[in-house]
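Dropping the structure in here first, questions after.
The values are calculated or read from the model by the stated rules, or taken from the named source; none is laboratory data. Note that this is a predicted model, so its numbers are computed, not measured. All Cβ positions, even for glycine, are placed from backbone atoms using ideal geometry, and neighbour counts span all protein chains on display. Surface areas here come from the heavy atoms of the whole protein model, side chains and all, with no ligands, DNA or RNA. Shrake-Rupley method; radii C 1.70, N 1.55, O 1.52, S 1.80 Å.
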Amino acid sequence: MSETKFTVSTSPHIRDGENIPRIMWRVNLVLAPAAIIGIIFFGWPAAVMLALCIGGSVGAEALIRKLVRKKVTVGDGSAFLTGLLLAMCVSPMIVYPSSAVVQRYTPSLGSAIATVFAMNLYVPLLGAFFAIAFAKQMFGGLGNNIWNPALAGRAFMLAAYALLVTGVWPNIEKIKYPGREEVAATTGATIRAERKKLIALSRAGEGPFAPGAAAREEDAKADPTERMKEIDSMVIERKVADPKVKQNKWLWYGRLLIGYRDGSLGETCGLWLIIGGIILIALRYIDWRIPVFFIGTAVFLGWLLPVRVVGGTSPLWMAGDPLFELLSGGLLLGAFFMATDMVTSPITKKGKVIFGVGCGLLTALIRVYGGYPEGVCYAILLMNTAVPLIDRFTRPRVFGTGLEPSKQT
Amino acid sequence: MAHAVAKSYGTLKTFPGGVHPSDRKELSRDCPIEDAPIPERVYIPLSQHIGAPCKPVVEKGDTVRMGQVVGEAGGFVSAPVHASVSGTVAGIEERIHIFGAKVPCVVIDNDGRDQWFEGCNQPVDYSDWDHDAIRGKVRQAGLAGMGGATFPTHVKFSPPPEKPIDTVIINGVECEPYLTCDYRLMLESPQRIIDGAEIILRAVRCNRCIIAVEANKPDAYEVMREYVSGHDKISVEMLEVKYPQGAEKQLIKALLGREVPSGGLPMDVGALVSNVGTTAAVYDAVALNKPLIERLCTVTGEGVERPSNFLARIGTPLTVLLEKTGMRPGAKKFILGGPMMGLAQFTTDLVVIKGTSGVLVLMEADSGEYENCIRCGRCVDACPTYLIPSELSILAEAGEWEAAKEKNVLDCIECGVCAYVCPARRPIVHLIKLAKAELLRMKKEFEAKKKAAEAKE
Ligand code: SF4
Ligand code: SF4
């Protein structure tokens, strides 16, 4: 029996069986329903976006790993997840052809290539490539990256194709797939952008708020609280066709919750994002502290922070709409699926609390005062940058150190 | 990480961190302790404990009897070794030891008569012994911690006067998966444990003793409770099931809420921890004048056909035990100790020593491949020493020994919890051990240089 060859390695000799591919594929699986619901609501452009982003990420990962002669790691599911998240945080309408493009199309190679460009099919591919090549592999691959690759990819697309990425959104009220007749299925602004625009107009006393504007009967120097309410209902008025929903705000919140609204795939189906987040917490793949503190801080500050709604009056405190803050924009996707990225969030529990609060704070500041209607992406990227610092200041007290002897008995 | 084990016992104490590996104790839990075959030849290594090795005091051709000293302690932190059979010394031979290096062993040919050395194995009236007498006897008997760490027991029993012991903890936790010999001992010889505990209380002049058992051994808990009923100094406490609760520092934290200071010993917080096996051996040594010549040892694992709990003579070749239990073909790993902290061996050509709590044969082995740390934080949450194992492993990988030291690598108890949970399958404990070894080497070099410099002056 001494002929047997035994493996000699350092303890421990058993493992709990968790591994990176299992974690990543399970997260993909948990996120998938939200993407599928997105396809149901937004139709084929969503499917095309998903395919391009995921294909682009996985392809870029395989290519780069081959080039640097390292083990090809696409099987671990992390590149897939990056692609999935990237597709979910930009507008699916990027790849939606205008009617002119459709009319120009003839079945020939030249026309097909022209259509690919006209449909911007290369944009998500570039975004995915940037995410994988520059935000992940350049740092040495999974585990070494500082920024969330998907968000870095989104930021890249936003910088390079600003109009395209922020300017066209699916208009849920008008989309009819397949056999779509409606050409003007895109809209200029999401609900967040609409609200932001209205507040700005109100402050300046312009547009619908101009003295004597047709839409208005009262004085321009309205009470800010009343004006805020008016703006909130105007958002619904402008974004919703169904008269029943217009009358009942709760129906509107319900629509936001299931994802029946304009926006990116990741803004779709907040309900599933919450369920999925809870599943990930239960699986211990994410820590509850990040989403809870992130969402809590963002919603609380979104409600609290003072906004000047009417020019010449003092800013209005506590005028935000908490449910709107929670359900609009990318907060749920960001808080449950992006800020919680293991690689780019703090490693200690205390650090996770600070990180969550920081993300929430930055999100709220950008939302309320910033130039963009949504701040989740930049908030997370900024906090990603702060992670090494947070880790340094939240080191746990080592067992048997820093305790007063008197407290020991 | 509160786990609802044995809820009927209410809220159970435990320590922060840790993991819940599947305990696999069912393989050998119900096997009563049996006498292992006594071999034709035993090999008694002269270094079986932490501390200075022994000096041989017998020569080839000498006749020895059971319990006779064959190796004298080499210093205070050392313990003598004894003949475990009666017979003739066949010589002193270098043999591979569990740490891979060779150590000298006293080889004894068994005459099959099992004759005890004079005065050994006879009831002793120790009722009027003082603590020095007890300590002396424990030292003579060659006792060393039998939970696996093999720290000489008499050293533990000699706290300096400024560090009085207020609580003696008898460790029946046996938190390593697979191992069951402590459990069997509690079921089969509870009285020896309790008598041993009383002797320890006397040796360190202490009035409180807690016997700690984990909730996955409710029957052992009940038996111990039954046997301590009526004792005013000794109590039994059931703890939540969690690895590494049997580690001294974690056990003290769980029971008393005290943290042994970094770099310190249990006596620094008024505690003494003694494994149940050691405690029974204290009784044997003092009350029966029986030196440590045999110990309980679980032979188990998926690679063993008939898992068993043996009472084996020190120096018994492991092949003798494995012949009895059978070993499955294709076994991949051969481990001395438990699966979390045990040492993997490349050969079965080894012997039972004082610290051999288990022999484990596994059918599976890791490929050894690992990935970058993905910063999942699982190791940080589980580390019972509150370290950041991921960071330590990265520093060690880069050879940044000093930086690892600053990040408290020396506080690591090598429990293996971090590597157990790591999804990147990083060999964290391996890297940590490497860093510790390098730091030790650097320290020695530094001291040698200092000495040399002083000598010059
Ligand atoms: S770092 Fe050391 S003490 Fe912490 S879990 Fe790993 S082996 Fe155990
Ligand atoms: S468990 Fe492994 S992958 Fe996770 S943080 Fe620790 S070392 Fe890194």
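Among what's in the range B:367-405 and is within 10 Å of ligand 1 (Cβ to nearest atom) and among the β-branched types (Val, Ile, Thr), pick the residue that is farthest from A:Phe393 (Cα to Cα).
The residue in question is B:Thr385.
Please give the number of the condition B:Ala280 fails out of (1) more than 24 Å from B:Gln122 (Cα to Cα); (2) at pLDDT 95 or above.
Among (1) more than 24 Å from B:Gln122 (Cα to Cα); (2) at pLDDT 95 or above, B:Ala280 violates only (1).
Under the condition of being surrounded by 21 or more Cβ atoms within 10 Å (Cβ to Cβ) and not in a helix (DSSP H, G or I), which residue from the range A:131-140 is farthest from the other protein chains (Cβ to nearest Cβ)?
A:Ala135
Just wondering, is there one or more residues in the range B:181-193 that are over 21 Å from B:Gly355 (Cβ atoms), β-branched (Val, Ile, Thr) and at pLDDT 95 or above?
no
Here is a yes/no grid of residues against (1) outside any loop (DSSP other than H, G, I, E, B); (2) aliphatic (A, V, I, L, M):
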residue	(1), (2)
A:Thr106	no, no
A:Ala114	yes, yes
A:Val123	yes, yes
A:Phe129	yes, no
A:Leu142	no, yes
A:Asn145	no, no
A:Ala155	yes, yes
A:Leu158	yes, yes
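Which of the residues spanning the range B:381-406 are within 11 Å of ligand 2 (Cβ to nearest atom) and of a type outside the set (Ser, Thr, Tyr)?
B:Asp381, B:Ala382, B:Cys383, B:Leu387, B:Ile388, B:Pro389, B:Glu391, B:Leu392, B:Ile394, B:Glu397
Please determine whether any residue of the range B:407-428 is within 12 Å of ligand 2 (Cβ to nearest atom), under 23 Å from B:Pro177 (Cβ atoms), out of contact with any His (no Cβ under 8 Å at 6 or more places or on another chain) and of a type in the set (Ser, Thr, Tyr).
Within the range B:407-428, one or more residues are within 12 Å of ligand 2 (Cβ to nearest atom), under 23 Å from B:Pro177 (Cβ atoms), out of contact with any His (no Cβ under 8 Å at 6 or more places or on another chain) and of a type in the set (Ser, Thr, Tyr).
While we're here: Looking at the range B:353-372, can you tell me whether even one residue there is of a type in the set (D, E, K, R), touching a residue at least 24 places away in the same chain (Cβ under 8 Å), buried (at least 24 other Cβ atoms within 10 Å of the Cβ) and away from ligand 2 (no atom under 14 Å from the Cβ)?
yes
Just checking, how many residues over the range B:62-76 are within 16 Å of B:Arg41 (Cα to Cα) and open to solvent by 60 Å² or more (accessible area, probe 1.4 Å)?
Number satisfying all stated conditions: 2.
Another question, then. Go through the range B:287-312 and give me each residue that's charged (D, E, K, R), more than 14 Å from chain A (Cβ to nearest Cβ) and open to solvent by 30 Å² or more (accessible area, probe 1.4 Å).
B:Lys290, B:Glu294, B:Arg306 - these are the residues of the range B:287-312 that are charged (D, E, K, R), more than 14 Å from chain A (Cβ to nearest Cβ) and open to solvent by 30 Å² or more (accessible area, probe 1.4 Å).
Could you grab me the full set of residues in the range B:246-265 that are at pLDDT 95 or above and away from every other protein chain (no Cβ under 11 Å)?
Once the filter is applied, which keeps residues that are at pLDDT 95 or above and away from every other protein chain (no Cβ under 11 Å), the range B:246-265 yields B:Leu251, B:Ala254, B:Leu255.
If I filter the range B:406-416 down to residues being within 8 Å of another protein chain (Cβ to nearest Cβ) and within 7 Å of ligand 1 (Cβ to nearest atom), which single residue comes out as least open to solvent (accessible area, probe 1.4 Å)?
Among those residues, the one meeting the criterion is B:Gly416.
Can I ask one more? Answer yes if at least one residue in the range B:377-388 is modelled with pLDDT of 95 or more, over 30 Å from B:Ile134 (Cβ atoms), at the interface with another protein chain (Cβ under 10 Å from one of its Cβ atoms) and within 19 Å of the chain's Cα centre (by Cα), and no otherwise.
The answer is yes; a qualifying residue exists.
Residues are listed down the side, and each one gets a yes or a no for (1) open to solvent by 50 Å² or more (accessible area, probe 1.4 Å); (2) more than 27 Å from the chain's Cα centre (by Cα); (3) within 14 Å of chain B (Cβ to nearest Cβ):
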site: A:Val8; (1), (2), (3): yes, yes, yes
site: A:Pro12; (1), (2), (3): no, yes, yes
site: A:Arg15; (1), (2), (3): yes, yes, yes
site: A:Arg22; (1), (2), (3): yes, no, yes
site: A:Trp25; (1), (2), (3): yes, no, yes
site: A:Leu31; (1), (2), (3): no, no, no
site: A:Ile37; (1), (2), (3): no, no, no
site: A:Trp44; (1), (2), (3): yes, no, no
site: A:Val48; (1), (2), (3): no, no, no
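Only residues that are within 16 Å of A:Val165 (Cβ to Cβ) and either surrounded by fewer than 24 Cβ atoms within 10 Å (Cβ to Cβ) or not small (Gly, Ala, Ser) (or both): list them for the range A:75-97, please.
If the condition is that a residue be within 16 Å of A:Val165 (Cβ to Cβ) and either surrounded by fewer than 24 Cβ atoms within 10 Å (Cβ to Cβ) or not small (Gly, Ala, Ser) (or both), then A:Leu85, A:Leu86, A:Met88, A:Cys89, A:Val90, A:Pro92, A:Met93, A:Ile94, A:Val95, A:Tyr96 are the ones that fit.
Looking at (1) under 15 Å from the mean Cα position of the chain (by Cα); (2) open to solvent by 40 Å² or more (accessible area, probe 1.4 Å); (3) closer than 20 Å to A:Met24 by Cβ, which is the only condition A:Ile274 fails?
The number of the failed condition is (3).
For B:Glu226, are the conditions met, namely being open to solvent by 20 Å² or more (accessible area, probe 1.4 Å) and either of a type in the set (A, V, I, L, M) or under 21 Å from the mean Cα position of the chain (by Cα) (or both)?
No, not satisfied.
Here are some residues: B:Asp284, B:Asp349, B:Asp268. Which one is open to solvent by 10 Å² or more (accessible area, probe 1.4 Å), facing another protein chain (nearest Cβ under 10 Å) and within 28 Å of B:Gly196 (Cβ to Cβ)?
B:Asp268
So, one more: Give just the number: which of (1) over 18 Å from the mean Cα position of the chain (by Cα); (2) among the β-branched types (Val, Ile, Thr); (3) at pLDDT 90 or above does A:Val292 not satisfy?
Among (1) over 18 Å from the mean Cα position of the chain (by Cα); (2) among the β-branched types (Val, Ile, Thr); (3) at pLDDT 90 or above, A:Val292 violates only (1).
Please specify each residue of the range A:12-64 satisfying the condition of being within 25 Å of A:Val343 (Cβ to Cβ) and among the β-branched types (Val, Ile, Thr).
Within the range A:12-64, A:Ile20, A:Ile23, A:Val27, A:Val30, A:Ile54, A:Val58, A:Ile64 qualify.
Quick check on this structure: which one of B:Ala344, B:Ala331 is without any contact (Cβ under 8 Å) to a residue 24 or more places away in the chain, buried (at least 20 other Cβ atoms within 10 Å of the Cβ) and in contact with a strand residue (DSSP E or B) (Cβ under 6 Å, 6 or more places away or on another chain)?
B:Ala344
Follow-up. Being buried (at least 22 other Cβ atoms within 10 Å of the Cβ), within 30 Å of B:Gly326 (Cβ to Cβ) and either out of contact with any Cys (no Cβ under 7 Å at 6 or more places or on another chain) or among the acidic types (Asp, Glu) (or both) narrows it down to one residue among B:Ala83, B:Ala79; which is it?
The unique qualifying residue is B:Ala83.
Picking from B:Glu198, B:Glu188, which residue would you name as being under 17 Å from B:Phe157 (Cα atoms) and out of contact with any Pro (no Cβ under 6 Å at 6 or more places or on another chain)?
Among B:Glu198, B:Glu188, only B:Glu198 is under 17 Å from B:Phe157 (Cα atoms) and out of contact with any Pro (no Cβ under 6 Å at 6 or more places or on another chain).
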